Amino acid sequence: ILLRLKNFMTHIQVIGHKNPDTDATLSAIIMADYLTQKGYSAIPYIQGDLNKETLYLLETLGIKEPEIKSELNPELPVALVDHNEASQAPDNISELQVEWVVDHHKINFSSQSPLHIRIEPICSTASILFKMYRESGLNISKEIAQMMLACIMSDSLLWKSPTSTDEDRAIAFVCRPVTAAP
Ligand code: MN
Ligand code: MN
């Protein structure tokens with residue numbers, strides 16, 4: 001009973017990098033949904049004020065802005081998205097229990113204990129999250145698909161970035177808004 005109560009009280013703190021961009025912000029929200037569907041409790045956070053693009057997207061998609069935190073609770077597990085380097089992480093990273101990392105940047109990360117870590121050379125963290133949903137057979141809601149597409153379009157600089165891959169293009173196609181036939 002105590003253990004179940006502890007699990008109930010626990011939530012995973014999901015956070016993107018400093019100077020949050022669209023992928024850091026929306027991927028934190030998407031990862032929190034992913035973890036929730038996996039049976040955890042998870043809350044997305046951002047590390048600072050959002051840029052105009054991300055604010056516009058949140059408003060257009062009708063999504064609440066995550067709470068800003070520069071430090072996280074060391075008692076609770078952490079999921080880092082869209083970054084893994086300590087310099088991009090919350091200020092008290094050295095005392096945090098990082099249990100998940102999902103990212104598409106170069107690795108500069110060390111850990112005292114085993115963790116779930118997923119890094120792929122594709123154009124956005126959201127692209128990796130898309131694959132994680134599919135691999136787990138989880139439902140990708142219309143809202144989540146819109147957020148994934150926004151992250152891909154933002155990080156690929158509308159496909160101008162050399163980091164965009166055919167896999168990102170295929171994922172973006174699946175996530176595209178489908179309008180009803182007239
Ligand atoms: Mn980013
Ligand atoms: Mn990114």
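List of remarks:
- Odd one out for Glu167, checked against (1) in contact (Cβ under 8 Å) with a residue 40 or more places away in the chain; (2) over 21 Å from Val14 (Cα atoms); (3) within 14 Å of ligand 2 (Cβ to nearest atom); (4) in a helix (DSSP H, G or I): (3)
- If you go through region 107-130 and keep only what is assigned to a strand (DSSP E or B) and either in contact (Cβ under 8 Å) with a residue 60 or more places away in the chain or surrounded by 14 or more Cβ atoms within 10 Å (Cβ to Cβ) (or both), you end up with Ile117, Arg118, Ile119.
- The lone criterion from (1) without any contact (Cβ under 8 Å) to a residue 60 or more places away in the chain; (2) in contact with an Asp or Glu (Cβ under 9 Å, 6 or more places away or on another chain); (3) more than 18 Å from Thr125 (Cα to Cα); (4) not aromatic (Phe, Trp, Tyr) left unmet by Thr25 is number (3).
- If you go through region 59-75 and keep only what is open to solvent by less than 70 Å² (accessible area, probe 1.4 Å) and either within 23 Å of Met132 (Cα to Cα) or in contact with a Gly (Cβ under 7 Å, 6 or more places away or on another chain) (or both), you end up with Leu61, Ile63, Pro66.
- In region 131-158, the residues that are open to solvent by less than 20 Å² (accessible area, probe 1.4 Å) form Cβ pairs under 6 Å with partners that are aromatic (Phe, Trp, Tyr), at six or more places apart or across chains, as follows: Met148/Phe130.
- Residue in region 23-41 that is least open to solvent (accessible area, probe 1.4 Å), counting only those that are assigned to a loop (DSSP other than H, G, I, E, B) and hydroxyl-bearing (Ser, Thr, Tyr): Ser41
- All of Asp49, Asp23, Asp33 fail the test of being within 16 Å of ligand 1 (Cβ to nearest atom), modelled with pLDDT of 95 or more, within 26 Å of Ser136 (Cβ to Cβ) and among the charged types (D, E, K, R), apart from Asp23.
- In the condition set (1) among the hydroxyl-bearing types (Ser, Thr, Tyr); (2) away from ligand 2 (no atom under 16 Å from the Cβ); (3) assigned to a helix (DSSP H, G or I), Ser70 is compliant with all but (3).
- Whichever residue in region 100-142 is within 16 Å of ligand 2 (Cβ to nearest atom) and among the polar types (S, T, N, Q) and, among such residues, is farthest from Val174 (Cα to Cα): Asn108
- Region 73-106, residues that are out of contact with any helix residue (DSSP H, G or I) (no Cβ under 6 Å at 6 or more places or on another chain), more than 14 Å from ligand 1 (Cβ to nearest atom) and assigned to a loop (DSSP other than H, G, I, E, B): Asn73, Glu75, Leu76, Pro90, Asp91, Asn92, Leu96
- Looking across region 9-22, the residues that are within 10 Å of ligand 2 (Cβ to nearest atom) and either within 11 Å of Val102 (Cβ to Cβ) or open to solvent by 10 Å² or more (accessible area, probe 1.4 Å) (or both) come down to Gly16, His17, Asp21.
The values are calculated or read from the model by the stated rules, or taken from the named source; none is laboratory data. None of the values given here were measured: they were computed from a predicted structure. A quick note on method: Cβ atoms are made from the backbone with ideal geometry, for glycine too, and the neighbour counts reach across all protein chains shown. For accessibility, only protein heavy atoms count, side chains too; no ligands or nucleic acids. Shrake-Rupley method; radii C 1.70, N 1.55, O 1.52, S 1.80 Å.
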